[in-house]
Amino acid sequence: MLEVHNLHKAFGDHLVLNGVSLDINPGEIQVLIGLNGCGKTTLQRVLTGILKPDQGSVHIDGQDVTPFPPEDRMIGYVPQNTGLFRHLTIKENILYPLRNGRGSEDKFREAVNLLSLEQYLDWKPDKLSGGYRARVALARALVSSPRVMLLDEPITEVDRAKKEYVLPLFRDVLLQLHIPVLYITHDPWEAGR
Amino acid sequence: MRKVSIWEVLFIPLFFFLIIFPILAILGNVTVEGMTLTFGDPVFWIAVRNTLITAFLAALLGVLLALGFGYFYIFHPGTVMYRIADFMNDLPIALPHTVAGLALLLAFGRNVMGFVGPTGLAFTLVAVILAMFFVSYPLAARTIASAAEEIDKELISVARKLGDSPPKAYRRGVIPLLDEAIFSAFVLGFSRSLSEFAAVIMFGGNVPGMTQVLASYVFTKVEEGEVSMAVTASAFCILLSLLLVLVLRMRGWSHARSAQSA
């Protein structure tokens, strides 16, 4: 379970997070929707440990992870621009967490099958379309054995027609995980699906 | 008819007169006698060997340290250490290189490093490497820092969330993306090291057959009145530098072509 209590974060005089609290149960997908610049990315960065909150706490499965660095939080993360390493193949990108002792070859095969990526494993990311890059980013997050999944506008690069296919696929895969999922978007249409 | 701007009128003759003409003056004064004497001089070839080895090692050390600076730039830009390193990066550029050489002599000469030998590190090939490194490192550091600035910070954040500690994220996620910058930093550092004279002669000395490099070989030959040999050695330096510039440009062209085809 993900529990966020009373998060505050300010940059100078500019208060960005003002008492944000939320609870997400395992198997539940919550969508956070807001306009650009409203603090969604700041919240994501505080949840994942890139930024320290000025006040408040983040608990995962009852454990207070607020003082933990990002690498110790076990949060699966799919960023807006997919964050794939262009010097690595698709397979190497998906297997990235294994070198940190996270995930397994079985999880890799499962994620590749679920997201139909078998034929692209030897490709470099820049050869793939936005939709497939998003799938690779999700596969990599799945392999990392996350306790919480966080998707920050993961299919912004994908056009509306392809989103019609990609969104249900993402939802089905995420629901199978039985972990808390926070999906961040600025698009009400995307949030509705 | 195309109208010629004032900048072209100023630039073209001045560029040719002040930059190209001196280079041609060297190349045009190379004589067969000078080539025979120089290329038959074993001390010249030792100076060439010394130059290439010391410049290579100085550039390598420069890239290594520049990558360390890049790490601070990405992960700890707010720290005092980073600010000091950033400020000091520009100092060797502004400093007269004789002063740099003297500073190295006082820091690593017999007073401080007397336990390694009668002159400390001074007047050895290690001193030559350190002198070349001292003046070429800022170029490498600036090159790496500029490239690091271009890297998408989200990638580093992704690497951390996938379990990488900052040093690991830097090694696995950042350094491979700096390949072009690392190459450029090395070639720039190597070129700068090749051309260094003042710091090298102050700290490394100018012992023929031992610590003499091409730049100091040219100086010695002028002093000895062997102008034809000095000219030949200088022409050799020019060709070496042109080769380096060509390597850098060819790498840039091939990179641009591969970026276009991607």
Worksheet, complete the sentence: Per GNM of chain B with C-alpha springs under 10 angstrom, the most fluctuating residue out of B:VAL116, B:VAL187, B:VAL245 is B:VAL116
Discussion item. Looking at chain B as a GNM with Cα springs under 10 Å, which of B:GLY163, B:GLY62, B:GLY117 has the largest mean-square fluctuation?
Written reply: B:GLY163
Discussion item. Under the rule a/c < 1.5 gives rounded, and otherwise a/b versus b/c splits prolate from oblate, where does the protein assembly as shown land using the Cα gyration tensor?
Written reply: prolate
Fill in: Between helix B:125-150 and chain B: long-axis angle, C-alpha atoms, 0 to 90°, nearest 10
40
Item to complete: May I ask you to list the lysines whose Cα is less than 24 Å away from that of A:LYS124, ignoring any residue fewer than eight positions away on the same chain?
Response: A:LYS91, A:LYS107, A:LYS162, A:LYS163, B:LYS153, B:LYS161, B:LYS168
Practice prompt. Count charges around A:ARG45 for me, please; just the other residues with Cβ under 14 Å from its Cβ, Lys/Arg as +1, Asp/Glu as -1.
Written response: +3
Worksheet item: Residues with amide H under 5 Å of A:TYR77's amide H, sequence separation 5 or more or different chain, H placed in the peptide plane at 1.01 Å from N; which?
Response: A:LEU150
Worksheet item: Is segment A:72-116 rounded, prolate or oblate when judged by the Cα gyration tensor, a ≥ b ≥ c being the square roots of its eigenvalues, rounded requiring a/c under 1.5 and prolate requiring a/b larger than b/c?
Response: rounded
Discussion item. How much length would be gained if the chain were fully extended between B:HIS255 and B:ASP86, taking 0.36 nm per residue of separation minus their Cα-Cα distance, in nm to one decimal?
Written reply: 58.0 nm
Practice prompt. On a C-alpha basis, how far is the centre of segment A:1-60 from the centre of segment B:207-251 in Å? Whole number, if you could?
Written response: 62
Worksheet entry | Most mobile listed residue (B:PRO138, B:PRO42, B:PRO22) in chain B, GNM with C-alpha springs under 10 Å | B:PRO22
Worksheet entry | Distance histogram in 5 Å bins (all Cα pairs of segment A:2-192, percent per bin) | 1, 8, 17, 20, 20, 16, 11, 6, 1, 0, 0
Practice prompt. Go through segment B:242-252 residue by residue and turn each phi into a ³J(HN,Hα) via Karplus (6.51, -1.76, 1.60, θ = phi - 60°); whole Hz please, and just put x for glycine and proline.
Written response: 4, 4, 5, 4, 5, 4, 4, 5, 5, 5, x
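At a threshold of 8 angstrom on Cα-Cα distance, excluding pairs fewer than six apart, so keeping six or more, what relative contact order does chain A reach in percent?
Values: 343 pairs, mean separation 57.3, N = 193.
Reported as a whole number, the value is 30 percent.
Relative contact order of chain B: what whole-number percent is it, with Cα pairs under 8 angstrom and at least 6 residues apart?
Values: 305 pairs, mean separation 78.6, N = 262.
RCO, chain B: 30 percent.
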Practice prompt. Would you please classify the overall shape of chain B from the alpha carbon gyration tensor, given that a ≥ b ≥ c denote the square roots of the eigenvalues, rounded means a/c under 1.5, and beyond that prolate means a/b larger than b/c while oblate covers the rest?
Written response: oblate
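Within a 10 angstrom radius of each residue's Cβ in B:162-175, how many Cβ atoms of other chains show up on average? Whole number is fine. Could the numbers behind the result be given before it?
Numbers: counts 19, 15, 6, 5, 3, 0, 3, 2, 0, 0, 6, 5, 1, 1.
Counting Cβ atoms of other protein chains within 10 Å of each residue's Cβ and averaging gives 5.
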Fill in: For segment A:1-106, convex hull of alpha carbons as volume per residue, Å³
139
Worksheet item: What angle do you read, to the nearest 10 degrees and between 0 and 90, between the alpha-carbon axis of helix B:80-94 and the longest principal axis of chain B?
Response: 20
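Readers should treat all values here as calculations from the given coordinates under stated rules, not as data from a laboratory. All values reported here derive from a predicted model rather than from experimental measurement. Here the Cβ is made from the backbone with ideal geometry for all residues, glycine too, and neighbour counts use every protein chain on show.
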